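Asks: Sharing a structure, written as C-alpha cells. Questions coming.
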Amino acid sequence: MSDLTFEIKSHPNPRSAEERAAVMANPGFGKVFTDHMVVARYSAGRGWHDAQIKAREAIPLDPAAAVLHYAQEIFEGLKAYRTADGGAALFRPDANARRFRHSAERLAIPPFPEDAFVEAMHKLVQIDRAWIPDTADGSLYLRPFMIATEAFLGVKPASEYLFLTIASAVGSYFKDPNSTVTVWVSEHYTRAAPGGTGAAKCGGNYAASLAAQSEATAQGCEQVVFLDAVERRYIEELGGMNVFFVFEDGTLVTPPLSDSILHGITRDSVLTLARESGLTVKEEPYTIDAWRADVREGRLTESFACGTAAVITPIGTVKGREESFTIGNGKAGPVAQRLRNLLVDIQRGNTNDAHGWFQKVF
Ligand SMILES: *Cc1c(COP(=O)(O)O)cnc(C)c1O
C-alpha cells in the first residue's frame, strides 16, 4: 500500500446545476469538463507527494519541460457510469492502474502506485458525481495522465513528473452509436513496431497515427486499420481500438497480444464474456488477405472494434487503395450487439457481476 493521501480542496465556485445542465445537454465526446482534477507531484528525491483533488485549472509548465520536447507522457482512459439507482460505478479501474504502471515502465517514468490510482478515480468521481450523465449512452470519461515536467533539454528520463486526472461528461463516441464504421487499411503507415511503444498507452503513438487518420478521413473512413510493421499483412488494431472477427461457425478471432498491440481492457472483457456465452475464442494472427477472402466467401459474418471510448463498434465496410469490401449487409451484426449488451449491463450495474469488474463509488 502506498502512503500517498489525497487532500481534498473543493472548488470554491463550482458551476450551478443550470450551467451544468446546459453544457451536458449535448456533450459530444471530450469537450465538456468537470469542476475538479487530481494532481500529484514526483521528484527524484521525494517520490510521489502533494496529492490533491482540487479545482480544475491550467497547469504552469516551463517551456523546457521534457514532455514538450521528447514526449515522455502516458495516459489512461476509463469511465464512470450512472447506475439505475442513481449511484455511480467504475469498471475495472484496477486494470487501468496496472496498465498505467506498465506504460510508465516502458516510457521510463516512475510508476504511480496502483492503489493510489484507484483511490484517485473514486475520489474524483465522488466529488464530480453530478457530472455523470444519466442518459443511456452517456458516462463520465476519466483521463489520468503523467507528464515529465523537468526543465532540461538533455535526452534522459526526467527527474520530475506530474500525475493528473481530468474528467469529461461524454455521450457516445461516434455520432450514431447504432450504425457501423467504415475503416481504411493503411498501406503506407504503421502504428507500432516490434520493440517499440505500441503496447504502452502513450501520446506519441497517437501523434504517429494522425497522418494515417487524415488519409482515412480523406477517403471517407472513420478509422484506420493498422497492419503489422514487419510483413504488412497481419491486422493489428485500429489505433485506438482492438479488433475482432466473427465467423459463421461461431468462432471469434482477435489478434494475439504483442508489444505492438495495446492490451485493451475491453478486449480482455469481451474475450471473457464471449467464452462464457459459448463462442469458440481464438487469439491468433489474421491477415488482411484472409479478411477479404473470408468476407467474399461468406465465412466471416461480422467484424467489430472495441475500446472504452466507443465500447463495441461494428465495422461495416473496409476500404483500401485497390478495393473495398462490405461485411454482411453492412449493418451491425447479432454477435457484436449481444456482446455489447452483456458488457454494458455489467458496467451499469444492471446485472450480477461474477468477475469483480463493477466497483460502486460511495
Ligand atoms: C486505449 C486503447 C485501446 C483500447 O483499450 P481499452 O482498455 O479497451 O479502452 C486500444 N488501442 C489503443 C491504441 C489504445 O490506446
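The values are calculated or read from the model by the stated rules, or taken from the named source; none is laboratory data. Everything numeric in this text was worked out from a predicted model, so none of it was measured. Note that each Cβ is placed from the backbone with ideal geometry, even for glycine, and that neighbours are counted across all protein chains shown. Heavy atoms of the whole protein, side chains included, go into the accessibility calculation; ligands, DNA and RNA do not. Shrake-Rupley method; radii C 1.70, N 1.55, O 1.52, S 1.80 Å.
Asks: Among the strands (runs of 3 or more DSSP E) contained in segment 1-109, which hold 2 or more residues that are buried (at least 17 other Cβ atoms within 10 Å of the Cβ) and in contact with a His (Cβ under 8 Å, 6 or more places away or on another chain)? So that I can check it myself, show each step before the final result.
Replies: Numbers: elements: 36-43, 47-55, 73-75, 78-82, 88-91.
Hits in segment 1-109: 36-43, 47-55.
Asks: Shifting gears a bit: Any residue that is open to solvent by 30 Å² or more (accessible area, probe 1.4 Å), out of contact with any Cys (no Cβ under 9 Å at 6 or more places or on another chain), in a helix (DSSP H, G or I) and within 30 Å of Arg98 (Cα to Cα) - is there at least one of those in segment 254-269? Give the steps one after another, and end with the answer.
Replies: Step one: list which residues in segment 254-269 are open to solvent by 30 Å² or more (accessible area, probe 1.4 Å), which gives 256-259, 263, 268.
Within this subset, residues satisfying the condition of being out of contact with any Cys (no Cβ under 9 Å at 6 or more places or on another chain) are 256-259, 263, 268.
Still in the list and also in a helix (DSSP H, G or I): 268.
In the following step, the residues that additionally are within 30 Å of Arg98 (Cα to Cα) were identified as 268.
Yes: segment 254-269 contains one or more residues that are open to solvent by 30 Å² or more (accessible area, probe 1.4 Å), out of contact with any Cys (no Cβ under 9 Å at 6 or more places or on another chain), in a helix (DSSP H, G or I) and within 30 Å of Arg98 (Cα to Cα).
Asks: Related question: Restricting to segment 167-197, what's the tally of residues that are assigned to a loop (DSSP other than H, G, I, E, B), under 23 Å from Pro314 (Cβ atoms) and open to solvent by 20 Å² or more (accessible area, probe 1.4 Å)?
Replies: Initial filter on segment 167-197 (assigned to a loop (DSSP other than H, G, I, E, B)): 171-180, 186-197.
From what is left, the residues that are under 23 Å from Pro314 (Cβ atoms) are 171-180, 186, 191.
Right, trim to open to solvent by 20 Å² or more (accessible area, probe 1.4 Å) and you get 172-180, 191.
Adding up the residues that qualify gives 10.
Asks: Could I ask something else about it? Only one of these conditions is not met by Trp291: (1) away from the ligand (no atom under 16 Å from the Cβ); (2) assigned to a helix (DSSP H, G or I); (3) hydrophobic (A, V, I, L, M, F, W, C); (4) farther than 21 Å from Lys331 by Cβ. Which number is it?
Replies: (4)
Asks: Given the options Leu210, Leu164, name the one that is open to solvent by 10 Å² or more (accessible area, probe 1.4 Å) and among the hydrophobic types (A, V, I, L, M, F, W, C). Before you say what the answer is, go through the steps one by one.
Replies: Details: Leu164 fails: open to solvent by 10 Å² or more (accessible area, probe 1.4 Å).
Criteria check complete, one pass: Leu210.
Asks: Assess whether Gly220 counts as being open to solvent by 10 Å² or more (accessible area, probe 1.4 Å), within 11 Å of the ligand (Cβ to nearest atom) and out of contact with any helix residue (DSSP H, G or I) (no Cβ under 6 Å at 6 or more places or on another chain). Write out each step before concluding.
Replies: Numbers: open to solvent by 10 Å² or more (accessible area, probe 1.4 Å): yes; within 11 Å of the ligand (Cβ to nearest atom): no; out of contact with any helix residue (DSSP H, G or I) (no Cβ under 6 Å at 6 or more places or on another chain): yes.
Judged against the criteria, Gly220 is not a match.
Asks: Determine which member of the set Asp137, Asp128 is farther than 28 Å from Glu7 by Cβ and either at pLDDT 95 or above or open to solvent by 30 Å² or more (accessible area, probe 1.4 Å) (or both).
Replies: Numbers: Asp128 fails: farther than 28 Å from Glu7 by Cβ.
Criteria check complete, one pass: Asp137.
Asks: Answer yes or no: is there a residue in segment 239-248 that is within 12 Å of the ligand (Cβ to nearest atom) and open to solvent by 70 Å² or more (accessible area, probe 1.4 Å).
Replies: no
Asks: Conditions first: (1) in contact with a helix residue (DSSP H, G or I) (Cβ under 7 Å, 6 or more places away or on another chain); (2) hydrophobic (A, V, I, L, M, F, W, C); (3) within 16 Å of the ligand (Cβ to nearest atom). Ala310 passes all but one, so which condition is the exception?
Replies: (1)
Asks: From Arg82, Arg98, which residue is farther than 22 Å from Glu150 by Cα and without any contact (Cβ under 8 Å) to a residue 24 or more places away in the chain?
Replies: Values: Arg82 fails: without any contact (Cβ under 8 Å) to a residue 24 or more places away in the chain.
Answer to the check: Arg98.
Asks: Which members of segment 316-336 meet the condition of being free of Cβ contacts under 8 Å to residues at least 24 places away in the same chain and surrounded by 16 or more Cβ atoms within 10 Å (Cβ to Cβ)?
Replies: Across segment 316-336, the qualifying residue is only Ser324.
Asks: Just wondering, is there one or more residues in segment 138-151 that are part of a loop (DSSP other than H, G, I, E, B), touching a residue at least 12 places away in the same chain (Cβ under 8 Å), within 19 Å of the chain's Cα centre (by Cα) and under 30 Å from Asp85 (Cα atoms)?
Replies: Of all residues in segment 138-151, those part of a loop (DSSP other than H, G, I, E, B) come to 138, 149-150.
Then drop every residue that is not touching a residue at least 12 places away in the same chain (Cβ under 8 Å), which leaves 138, 149-150.
This time we only want the ones that are within 19 Å of the chain's Cα centre (by Cα), so: 138.
Subset that is under 30 Å from Asp85 (Cα atoms): 138.
Yes, the conditions are met somewhere in segment 138-151.
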